[in-house]
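Notes follow once the structure below has been shown.
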Amino acid sequence: MTAAVPVSDIDVYSDDVLDDPYPAYRALRDAGPAVYLSSRSLWAIARYSDVRKALADAATFSSAAGVGVSDEMNAMQTGTVLASDDPQHAELRAVLSEKLAPRALTALRSAIAEQADALVADVVARGSIDGVTDLAARLPTDVVADLIGLPREGREVLLPGADAMFASFGPLDERLRNRMPEVTAYLEFMSAMTDRAKLAPGSWGAAILDAVDEGRLAPGSAVPLMTAYLVASMDTTVHSLGNFLRLLAENQDLWQALKADPGLVGPAFEENLRLDSPAQGFTRVTTREVDVDGVVIPEGSRVLVSFASANRDERHYPDPDRFDVHRNPVDHLAFGYGVHGCAGQGLARIEARALVGSLLRRAERIEPAGEPTRHLNPAVRGLGHLPLTLVPAKEA
Ligand code: HEM
């Protein structure tokens with residue numbers, strides 16, 4: 001039976017909601033399986049089972065008209081790996097699939113562990129650090145810029161540019177307009193990467209140019225594809241690590257449990273992703289009228305599919321607002337699901353395990369050294385600053 005359309009005036013892009021979205025998500029889940037958000041002329045799907053079903057049905061919930069919320073910004077994204085449907089999407093994704101396959105990732109593991117260990121040795125020696133800017137933000141930027149094969153010089157534009165590009169999935173407002181210089185600086189840096197001489201041999205960037213030479217990729221798609229992987233890999237991973245460091249600093253029982261059993265780092269990272277998902281949600285456009293558990297969304301509607309709300313759904317996870325190191329939520333949706341499911345999730349896990357594994361060896365404890373501050377971005381959730389004290393391990 002078709003239910004009346006639930007309508008909500010919650011603005012998921014207001015500062016209050018971005019600061020703490022979880023009460024709003026609960027209200028949306030309670031309002032119905034699909035809810036019309038009157039303030040944004042947007043639908044939202046917020047319950048776990050409906051989010052997963054929508055992500056699994058890319059033919060109905062299309063990414064081809066962009067996955068953000070503003071028409072202007074969506075128009076600029078179309079045709080990228082994130083904002084396309086199969087078969088175009090599959091062709092774009094195939095270009096780097098070998099580079100991210102399990103065998104390729106295994107080969108990267110020890111180099112990333114070394115990179116993480118050098119970084120951790122440095123911050124532990126300093127003692128007082130900002131867990132975001134000195135630690136969480138550094139590893140993902142270095143790792144992916146190296147993998148894409150980018151020159152070292154000029155990399156400082158990458159992280160602010162990627163964060164601003166993430167912001168462009170939200171409304172086209174004053175805050176986003178103010179960030180355009182960062183996007184421009186980023187695009188200027190990246191536009192030079194069609195020159196093979198700038199890219200490291202054997203890198204992801206070189207593989208993308210190979211695909212152009214072999215006719216598997218249109219020349220105009222080379223830089224957007226590098227950008228898609230670069231942008232997708234930075235803030236998301238940075239925030240997952242920042243959130244994880246905060247949990248470890250504020251929860252000594254957890255820190256001690258991981259020290260006693262480093263095998264728990266993996267499950268703890270997954271639970272951290274479930275509890276505070278860096279990618280909060282992306283949109284889709286319906287290609288037909290669709291019945292979401294009794295609520296009918298018309299054809300051509302833009303729909304916010306909320307990974308972060310799904311991961312807190314009490315219908316799926318008992319006591320969902322509690323961090324439980326033993327929950328091991330292998331079915332969380334923080335990396336999305338279906339054909340657009342995160343291409344870099346294996347890499348993100350390697351980075352997290354390397355960084356936290358090294359911290360557990362080199363630090364006796366990590367402690368909060370002040371109030372963390374939140375970085376407001378409409379598409380990714382994380383901290384701006386995280387003051388920490390690192391107490392060196394006796395044997396390190
Ligand atoms: C903790 C870190 C990460 C999180 C939480 C995350 C989250 C996500 C999510 C939710 C999606 C799905 C988007 C959608 O359905 O529209 C996605 C897609 C994607 N991610 Fe990640 N990601 C992370 C790290 C990475 C890394 C390290 C890379 C690159 C090496 C990466 C590359 C991509 C790409 C290329 C896509 C687009 C896939 C497609 O559209 O087929 N991500 N990611």
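No value in this document is a laboratory result; all are computed from the given coordinates. Since the model is a prediction, treat every value here as computed from it, not as a measurement. Cβ: placed from backbone, ideal geometry, glycine included. Neighbour counts: every protein chain shown.
A few remarks follow.
- In this simple spin-label model, placing a label point 7 Å from the Cα along the Cα-to-Cβ direction at both Arg196 and Ser38 gives a separation of 6.0 nm.
- Proximity of backbone amide H atoms, modeled 1.01 Å from N, is registered between Val292 and Ile297 at under 5 Å, excluding neighbours fewer than 5 places apart on the same chain.
- Contact order relative to length of the range 7-392, as percent, for alpha carbon pairs under 8 angstrom and 6 or more apart: 27
- Label-point gap, in nm, between Ala125 and Asp15 - each point 7 angstrom along Cα→Cβ: 4.1
- Backbone geometry of the range 376-388 corresponds, through the Karplus equation with coefficients 6.51, -1.76 and 1.60 at θ = phi - 60°, to 3J(HN,Hα) couplings of 8, 9, x, 10, 10, 10, x, 9, x, 9, 8, x, 9 Hz, x marking Gly and Pro.
- FRET efficiency for the pair Asp71 and Ala104, taken as 1/(1 + (r/R0)^6) with r the Cβ-Cβ distance and R0 = 25 Å, rounds to 0.10.
- Antiparallel DSSP beta bridges within the chain, as percent of all bridges there, nearest 5: 85
- Rounded to the nearest 20, the Cβ-based charge dipole of the chain about its Cα centre (Lys and Arg +1, Asp and Glu -1) stands at 660 debye.
- About the Cα centre, charge dipole magnitude for the range 151-202 (Lys/Arg +1, Asp/Glu -1 at Cβ), debye: 160
- Applying the Karplus relation 6.51 cos²θ - 1.76 cosθ + 1.60 with θ = phi - 60° to the range 274-282 yields 3J(HN,Hα) values of 5, 5, 9, 6, x, 7, 6, x, 10 Hz, where x marks Gly and Pro.
- Think of the chain as having a plus end and a minus end, set by charges on the Cβ of Lys, Arg, Asp and Glu; of Ala136, Pro181, Leu147, Leu147 sits farthest toward the positive end of this dipole.
- For Arg374, distant residues with modelled amide H under 5 Å away: Gly384
- For Ser306, residues with placed amide H under 5 Å, excluding near neighbours: Ile45
- This model, with +1 at the C-beta of Lys and Arg and -1 at the C-beta of Asp and Glu, gives the range 131-178 a dipole about its Cα centre of some 60 debye.
- Entry note, the range 243-319: relative contact order of 25 percent, from Cα contacts under 8 Å with a spacing of 6+ residues.
- Calculated [222 nm] ellipticity per residue, helices only, for the chain: -13500 deg cm²/dmol; basis is -39500 (n - 2.57) per DSSP H run with n ≥ 4, divided by all residues, nearest 500.
- Hz values of 3J(HN,Hα) by residue in the range 359-365 - Karplus curve (6.51, -1.76, 1.60), Gly and Pro given as x: 4, 4, 7, 8, 10, 6, 8
- Between the range 90-135 and the range 22-86, the alpha-carbon centres lie 30 Å apart.
- Note on Arg175 and Ala59: with the Förster distance fixed at 30 Å, the Cβ-Cβ geometry gives a FRET efficiency of about 0.30.
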